[in-house]
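See below for the structure under consideration.
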Amino acid sequence: MEPRLLLIDATGLIFRAYYSISMLTAPDGTPVNAVFGLVRMLLKIFRDVPASASAITFDAGRATFRNQLYSAYKANRTEPPDQLRPQFSLAIETARATHAPVLVEAGLEADDLIATLCERATQRGMGVSILTADNDLLQLLGPGVEIVMPQRAGEMKTYTAESFEAEYGFPVERFVDYKALRGDTSDNIPGVVGIGEKGAAKLVSAYGKLEQLYANIELVKPDSVRAKLKAAKDDVFLYRELVTLKRDCKVHYDFDARTLPNFGDELFLEALAGMGFKRICDDAAKLGDLQPQR
C-alpha cells in the first residue's frame, strides 16, 4: 500500500451532522447527534480509504489571523445553537479516545492545519486524502491529493485536480482567485459586487490569476464588468489572501509515531456506549485497531 495520509476536517463535519441528523441525546440527556454523525463518518472513511497515517483536526475558535487582516471576517455568523455547543468538546474527547492525533491550534482554522500537513506529506512523497464538507479545501488538490466530500444519503464525492477542472472549467491553481472574485457569504467575504459564480469562473478561465486579469483589464468586456473589477482592485487581492490556506503553520506532527486510530480501544468503545451508540459501537469494535504492527 502506498503511504497515504488521511486528514479529517472534523469541525465542518460536526456542523453538517448537527443539521442533517435528528436530535439524539445520551442517557444523561446530553445532545449527541453531531457527535454521532462525526463518529459514523470516521468509521466510514477509515473503512473506505486505505491510509498509513492520519490526523483529526478541529477549529480552536473564531478568532484567527484572518480577523486581524479583515475585521469583518465571519462577522455575519451567529453563535452555534445551544444543543450544538457542548458537542464540540465532546467530539474532541471522543476523537482523542481513538488514539489518532487530534489537532486544535489557537489562532488557526482546521483548514490551515490540514493544508500544512498536506504540504508536509506531499513533500515526503505521500498521497493525501482529505475528508471535508468545506469546498475551501479544494485548493489543495494536486498530484497525489484527493478531496472526499460527503453527499446526501451517505454517499461520498471524490475530487481530483482533473475532476475539479472538468467540473469548474478552470485549473485548481485559480480556485482562490475565483473565490476572491465571487466572494464567500459563509465567511462574510463580499467579493466583487455584481460578479457571481459564473462571472468569476469565466474571468479566471479566460485570463488566469488576478495578476493576469488586471494586467489585461482593458480587454475585459462588457464595460460594466471592467468597471466593477477596477473599483474592487484594492480589495480583491485581500479577499484572495483571506481564502488562501496557510501551508506553513507551526504545528507538531510526528509521521513516525502512531497516527492511525484504534476503534477497538476499550475507552473509545465505553465512550460510544455511554452516549447510547450501540450500533456504531459494534461497528467500531469490528473495525478495531488500524495501526499496523511494526
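Would you mind telling me which numbered condition in (1) on the phi > 0 side of the Ramachandran plot; (2) within 21 Å of the chain's Cα centre (by Cα) His252 fails?
(1)
Filter segment 229-243 down to the residues that are of a type outside the set (Val, Ile, Thr) and in a helix (DSSP H, G or I) and list them by number.
Leu229, Lys230, Ala231, Lys233, Asp234, Asp235, Phe237, Leu238, Tyr239, Arg240, Glu241, Leu242
Please go through segment 84-93 and pick out each residue that is of a type in the set (D, E, K, R) and at pLDDT 95 or above.
The answer is Glu93, and nothing else.
Suppose we filter Tyr207, Tyr159 for residues that are in contact with a Leu (Cβ under 9 Å, 6 or more places away or on another chain) and assigned by TED's automatic domain parsing to the domain that holds Ala75; which single one remains?
Just a single option satisfies the conditions, and that option is Tyr159.
Please go through segment 244-275 and give me each residue that is in contact with a strand residue (DSSP E or B) (Cβ under 8 Å, 6 or more places away or on another chain) and either within 30 Å of Gln123 (Cβ to Cβ) or in a loop (DSSP other than H, G, I, E, B) (or both), ordered by number.
Val251, Tyr253, Phe255, Thr259, Leu260, Pro261, Asn262, Phe263, Gly264, Asp265
Here's a check for you: in segment 45-59, which residue that is over 17 Å from the mean Cα position of the chain (by Cα) and among the charged types (D, E, K, R) is nearest to Val145 (Cα to Cα)?
Asp48
Out of all the residues in segment 124-154, which are within 21 Å of Arg40 (Cβ to Cβ), crowded, with 22+ Cβ neighbours inside 10 Å and over 10 Å from the mean Cα position of the chain (by Cα)?
Ser129
For the subset of segment 47-83 comprising residues that are at pLDDT below 85 and among the basic types (Lys, Arg), which member is farthest from Pro3 (Cα to Cα)?
Among residues in segment 47-83 that are at pLDDT below 85 and among the basic types (Lys, Arg), the one farthest from Pro3 (Cα to Cα) is Arg77.
So which of Ala121, Ala95 ends up being within 17 Å of Ala34 (Cβ to Cβ) and either surrounded by fewer than 16 Cβ atoms within 10 Å (Cβ to Cβ) or touching a strand residue (DSSP E or B) at 6+ places or on another chain (Cβ under 7 Å) (or both)?
Ala95
Find the residue count for segment 191-202, including only residues that are surrounded by 14 or more Cβ atoms within 10 Å (Cβ to Cβ), in contact (Cβ under 8 Å) with a residue 24 or more places away in the chain and within 12 Å of Val236 (Cβ to Cβ).
3
Answer yes or no: is there a residue in segment 38-49 that is charged (D, E, K, R) and touching a Ser or Thr at 6+ places or on another chain (Cβ under 8 Å).
Scanning segment 38-49, I find no residue that is charged (D, E, K, R) and touching a Ser or Thr at 6+ places or on another chain (Cβ under 8 Å), so the answer is no.
Does Ala161 satisfy the condition of being touching a residue at least 12 places away in the same chain (Cβ under 8 Å) and among the small types (Gly, Ala, Ser)?
Criteria met by Ala161.
Looking at (1) out of contact with any helix residue (DSSP H, G or I) (no Cβ under 8 Å at 6 or more places or on another chain); (2) charged (D, E, K, R); (3) not assigned by TED's automatic domain parsing to the domain that holds Tyr73, which is the only condition Arg182 fails?
(1)
Which residue, of Thr98, Thr57, is among the β-branched types (Val, Ile, Thr), in a strand (DSSP E or B) and out of contact with any His (no Cβ under 7 Å at 6 or more places or on another chain)?
Sole residue among the options that is among the β-branched types (Val, Ile, Thr), in a strand (DSSP E or B) and out of contact with any His (no Cβ under 7 Å at 6 or more places or on another chain): Thr57.
Take the conditions assigned by TED's automatic domain parsing to the domain that holds Phe46, of a type outside the set (A, V, I, L, M) and more than 19 Å from Asp248 (Cα to Cα) and apply them to Pro150. Does it pass?
When the stated conditions are applied, Pro150 passes them.
The values are calculated or read from the model by the stated rules, or taken from the named source; none is laboratory data. Since the structure is predicted, the reported quantities are computational estimates derived from the model, not experimental observations. Neighbour counts are summed over all protein chains in view; Cβ atoms, including those assigned to glycine, are modelled from backbone coordinates with ideal geometry.
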